[in-house]
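**Q** Have a look at the structure that comes next, please.
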Amino acid sequence: MSVSRRSVLAGAAAAPLIAASAARGQSNAARFSLHFAPHEGSFASRGNRLEQIAFAADQGFTAWEDNEAASRPIDEQVAMAKALSSRGMKMGVFVAAMPKWAQSRPILGANDGAERDAFLADIRASIDVAKRLNATRVTVVTGFLDPKVPLDIQTARVIDTMRRAGDIVAPHGFALVMEPLNTRTNHPGVYMQSIAQGFAVARGANSTGVKVLADLYHEQIQSGNLIPTLDMCWSEIGYIQFGDNPGRKEPGTGEVNYANIVRWLRAKSYAGVIGMEHGNSVAGRAGEERLIAAYRTIDAG
């Protein structure tokens, strides 16, 4: 029997076993080459949060993201950290400070000591959460533009506040990552609107505790030119999130060539987490399988 003939028969024999394993929700899949991080809801049909983490690990994912982690009871934080550690998974970001969207207040760019003190209190409160979860990156959103204040003045205020925040967290071994948001589709009026703007603030803050969260969904809408922007701002980028545009669903559903970005990140030896900050384009288990396949495709590119 020829080698090719034996290979064909071996593959045919294995196919039912693979199909049966998939039907049980199990997998011997190889780990992804980068630390892609699903979140609660990415695999909603597989059970509760801890069961979703276990399923994600079985599919080869090596990280997890949970924006809401700081608001969860301590016992749930501890259980999640234990689940991630037991599967050799990294913890991605959680949100430490977010503006109240309905109020549209400047927050970090305000000349308001109470606003700054409240923000810094949130940052101090995030320390124990980060330690509990073994998180090295924590998200902050800097607030809204103040139309009555020149942009350069507001930028100086944001830099001053972020420098103080960085001084709080740096001794504890983690960094705050400022998230620029697009104003065209999702968040009109926000202060920080591009990775380049975040780069300028991070350089001004000059702290190991202050970096930029490069959410490529937002950046594609606001500015485009993703790889050159990442390259120019690389020294201040502390975390990355994926999401295709339009729609903010998994890679392959929109216009962003995520396979190229993955190749570029591998060439940069990026070892951080990549948050899967998007929904599934198809509901239910079919959508979950499509999500996994989309990340296999870009990981193999």
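Just so it is clear, none of the values below were taken in a lab; they were calculated from the coordinates. Small disclaimer: the values here were computed from a predicted structure and weren't measured. Heads up, the Cβs are rebuilt from the backbone with ideal geometry, glycines too, and the neighbour counts pull from every protein chain shown.
**Q** Suppose we filter the stretch 163-188 for residues that are surrounded by fewer than 20 Cβ atoms within 10 Å (Cβ to Cβ) and part of a helix (DSSP H, G or I); how many remain?
**A** The total comes to 7.
**Q** Another question, then. Exactly one of these conditions fails for Thr208: (1) touching a residue at least 40 places away in the same chain (Cβ under 8 Å); (2) in contact with a Lys or Arg (Cβ under 8 Å, 6 or more places away or on another chain). Give me its number.
**A** (2) is the only condition that Thr208 fails.
**Q** Which one of these is more than 23 Å from Thr229 (Cα to Cα) and part of a loop (DSSP other than H, G, I, E, B): Asp146, Asp160?
**A** Just one listed residue meets the conditions, Asp146.
**Q** Within the stretch 197-208, count every residue that is surrounded by fewer than 19 Cβ atoms within 10 Å (Cβ to Cβ) and more than 14 Å from Leu151 (Cβ to Cβ). Break it down stepwise before answering.
**A** Restricting attention to the stretch 197-208, the residues satisfying the condition of being surrounded by fewer than 19 Cβ atoms within 10 Å (Cβ to Cβ) are 200, 203-204, 206, 208.
If we keep only those that are more than 14 Å from Leu151 (Cβ to Cβ) as well, we get 203, 206, 208.
The number of residues fulfilling the criteria is 3.
**Q** Another question, if that's okay. Regarding Ala96, is this residue in contact with a Lys or Arg (Cβ under 8 Å, 6 or more places away or on another chain) and among the aliphatic types (A, V, I, L, M)? Spell out the reasoning first.
**A** Working: in contact with a Lys or Arg (Cβ under 8 Å, 6 or more places away or on another chain): no; among the aliphatic types (A, V, I, L, M): yes.
So Ala96 does not fit the description; no.
**Q** Counting just the residues of the stretch 280-301 that are in a loop (DSSP other than H, G, I, E, B) and touching an Asp or Glu at 6+ places or on another chain (Cβ under 9 Å), which one comes out surrounded by the fewest Cβ atoms within 10 Å (Cβ to Cβ)? Can you show your working first?
**A** Let us first name the residues in the stretch 280-301 that are in a loop (DSSP other than H, G, I, E, B), namely 280-283, 300-301.
Subset that is touching an Asp or Glu at 6+ places or on another chain (Cβ under 9 Å): 280-282.
Values: Asn280: 22, Ser281: 17, Val282: 15.
Per the criteria, the residue is Val282.
**Q** What is the residue count in the stretch 241-290 for residues that are free of Cβ contacts under 8 Å to residues at least 24 places away in the same chain and within 15 Å of Phe36 (Cα to Cα)?
**A** Of the residues in the stretch 241-290, 1 are free of Cβ contacts under 8 Å to residues at least 24 places away in the same chain and within 15 Å of Phe36 (Cα to Cα).
**Q** Considering only the stretch 88-107, state which residues are of a type in the set (A, V, I, L, M, F, W, C), crowded, with 21+ Cβ neighbours inside 10 Å and more than 22 Å from the chain's Cα centre (by Cα).
**A** Matches in the stretch 88-107: Ile107 only.
**Q** Let me ask another. If you scan the stretch 170-184, which residues turn out to be out of contact with any Phe, Trp or Tyr (no Cβ under 7 Å at 6 or more places or on another chain) and touching a residue at least 40 places away in the same chain (Cβ under 8 Å)?
**A** Residues of the stretch 170-184 that are out of contact with any Phe, Trp or Tyr (no Cβ under 7 Å at 6 or more places or on another chain), as a first pass: 170-176, 178-184.
Matches in the stretch 170-184: His172, Phe174, Ala175, Leu176, Glu179, Pro180, Leu181, Asn182.
**Q** Next question, about the same structure. Which numbered condition trips up Ile227, out of (1) of a type in the set (A, V, I, L, M); (2) loosely packed, with under 15 Cβ neighbours inside 10 Å; (3) over 22 Å from Val201 (Cβ atoms)?
**A** (3)
**Q** Also, I was wondering about something else. Of the residues that sit in the stretch 69-100 and are part of a loop (DSSP other than H, G, I, E, B) and touching a residue at least 40 places away in the same chain (Cβ under 8 Å), which one is nearest to His35 (Cα to Cα)? Can you show your working first?
**A** Here is the first cut: in the stretch 69-100, the ones part of a loop (DSSP other than H, G, I, E, B) are 72-73, 87-89, 92-94, 98-100.
Retained after the next criterion (residues that are touching a residue at least 40 places away in the same chain (Cβ under 8 Å)): 92-94, 98-99.
Values: Gly92: 9, Val93: 13, Phe94: 16, Met98: 25, Pro99: 28 Å.
The qualifying residue nearest to His35 (Cα to Cα) is Gly92.
**Q** OK, next. Return a yes/no flag: does the stretch 131-143 have any residue that is surrounded by 22 or more Cβ atoms within 10 Å (Cβ to Cβ) and part of a helix (DSSP H, G or I). Spell out how you get there, then give the answer.
**A** Going residue by residue through the stretch 131-143, those that are surrounded by 22 or more Cβ atoms within 10 Å (Cβ to Cβ) are 133, 135, 137-143.
Filter once more, so that each one left must be part of a helix (DSSP H, G or I): 133.
The answer is yes; a qualifying residue exists.
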